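Below is one structure, written out as structure tokens, with a few remarks after it.
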Amino acid sequence: MQKNRLGRGLDALLPDQEPVVGDSPSETSPVAVHPSLIAPNPNQPRRIFDDTKIDELASSIETSGMLQPLVVRTRAGGYELIAGERRLRAARRLGLPEVPIIIHETADPNSLLLALVENLQREDLNPIEEAAAFAELQEQFNLTQEQVAEKVGRSRPAVANALRLLSLPEQIKEHVSRGELAAGQARALLGLQDRSMLAAAAREVMAKELSTRETEALVKRLNGRKRTKIENRLDPDLSSLVETLQRRLGTRVRLMHRARDDKGKLEIEYYSQDDLERITDMMMGSG
């Protein structure tokens, strides 16, 4: 990912501000402080930090030093981080006695904007973190999707597509956050008319390693699947039972019921050996 993807520096994305005047030279040029004096940014949009990448960054800092200062603002007893949490984590991992900082006095909403843009410039947030950050920007600044897009250098459709991911169930958002399910696949799954089938469809996509286009085809097939006459005769209680089983087992369930003698067949789908073991563990009460 190119560092200057947004094409603008951090200051260009902030409202015009008067320069801060004070006694500390850190307000105009970098100074060194102990990492323990810097508190985390509560508005940090990133929630997951890759330990391997932090180690790689620490190795780079150990070899070449921290080439870019952290951006902070003053707070009681020290400083609060605005941008540079990965670098701060790497410095703490190395046990560095000091890190370079620049003070940028700014209001809370602006610190959120700085933290988001800093992450977008240096390393992608995962799609769910990015979507959550866009949503928070909308709320904090009372912005439209178009205005959010302008702030972060994205197209409006890109921001809209990111925000759609937030309507996914938590379990599927976790898969997206961990990189097990691509954002394009997750958005395709949102086209499912029967929301109780989302978890099952997501498992099938991951197990079969379907592409986004193949996921769209799966959704189209599931939406267009015609129920048998037997299924059409299911009474509301049995239909509700099927939906409950699908939600609890996280897979597709089919019930074929004969009204004349109350007999039938229950089918529970699985998409891998691990999926089968997961379902059986749940049914046996050990999962």
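The values are calculated or read from the model by the stated rules, or taken from the named source; none is laboratory data. Keep in mind it's a predicted model, so treat the numbers as computed, not measured. Backbone-built Cβ (ideal geometry, glycine too); neighbour counts: all protein chains shown. Just so you know, the surface numbers come from the protein's heavy atoms only, side chains and all, with ligands and any DNA or RNA stripped out. Shrake-Rupley method; radii C 1.70, N 1.55, O 1.52, S 1.80 Å.
Residue order by solvent-accessible surface for E146, E269 is E146, E269, largest first, with ligands and nucleic acids left out and a 1.4 Å probe. Spacing of the modelled spin labels on S60 and K208, each 7 Å from Cα toward Cβ, amounts to 4.0 nm. Rolling a 1.4 Å probe over the protein heavy atoms gives the range 130-184 an accessible area of 50 Å² per residue.
Between L241 and L37, the simple label model (points 7 Å from Cα in the Cβ direction) yields a spacing of 6.9 nm. Scanning residues 5 or more positions from G264 or on other chains, those with amide H under 5 Å from its amide H are R258, with H placed 1.01 Å from N in the peptide plane. A 1.4 Å probe over all protein chains sorts H34, H104 by accessible area into H34, H104, starting with the largest. Towards the positive end of the charge dipole of the range 164-285, with charges on Cβ (+1 Lys, Arg; -1 Asp, Glu), say which of A201, G191, T251 has the farthest Cα. Farthest towards the positive pole: G191. The packing ranking of peptides 171-178, 127-134, 261-268, 274-281, highest mean first, is 127-134, 171-178, 274-281, 261-268, where packing means the average number of other beta carbon atoms within 10 angstrom of each residue.
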